[in-house]
Amino acid sequence: MRFRYREIRKSLGFTQKQAASPLGKTKQWLSEVERGNIKLDYEEAVKLAKVYGGTPDIFLPIESGNVVQTSPDQQANDQQAACKEAS
């Protein structure tokens, strides 16, 4: 299973450094996560998702079938709108 860490980060316009810094991590750490060399536990996934303004399910791969597929840009727009509504 390939998680969508890099895809989500890029669609939101974050650099690796910008995304990793609030977690007290380095851009090298996030690079390893994005390449699948480091597996996030649930707690780390929650923290990273909060940086991106979402929940950990944003990282799950989109598979064909019964799941409605949306583009990363649309997901980013939806997440940004949700964050604005929550403010």
Original post:
Mind checking which residues of the range 24-60 are touching a residue at least 12 places away in the same chain (Cβ under 8 Å), under 13 Å from R4 (Cα atoms) and assigned to a helix (DSSP H, G or I)?
Top reply: L30, S31, V33, E34, A45, L48, P56, I58, F59
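Regarding the range 62-76, can at least one residue be identified that is part of a loop (DSSP other than H, G, I, E, B), open to solvent by 40 Å² or more (accessible area, probe 1.4 Å) and at pLDDT 90 or above?
Quick first cut of the range 62-76, residues part of a loop (DSSP other than H, G, I, E, B) only: 62-71.
The next check asks that each one be open to solvent by 40 Å² or more (accessible area, probe 1.4 Å); those that pass are 62-71.
Keeping just the survivors that are at pLDDT 90 or above gives none.
Scanning the range 62-76, I find no residue that is part of a loop (DSSP other than H, G, I, E, B), open to solvent by 40 Å² or more (accessible area, probe 1.4 Å) and at pLDDT 90 or above, so the answer is no.
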Original post:
Of all residues in the range 1-23, which are open to solvent by 30 Å² or more (accessible area, probe 1.4 Å) and assigned to a loop (DSSP other than H, G, I, E, B)?
Top reply: M1, R2, F3, G13, F14, T15
Subject >> the range 24-34, residues that are within 13 Å of the chain's Cα centre (by Cα) and surrounded by fewer than 16 Cβ atoms within 10 Å (Cβ to Cβ) >> reply: S31
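The values are calculated or read from the model by the stated rules, or taken from the named source; none is laboratory data. Here the structure is a predicted model, which means the values were calculated and not measured. In this analysis, Cβ positions are derived from the backbone assuming ideal geometry, glycine residues included, and neighbour counts consider all displayed protein chains. With ligands, DNA and RNA removed, areas are computed over all heavy atoms of the protein, side chains included. Shrake-Rupley method; radii C 1.70, N 1.55, O 1.52, S 1.80 Å.
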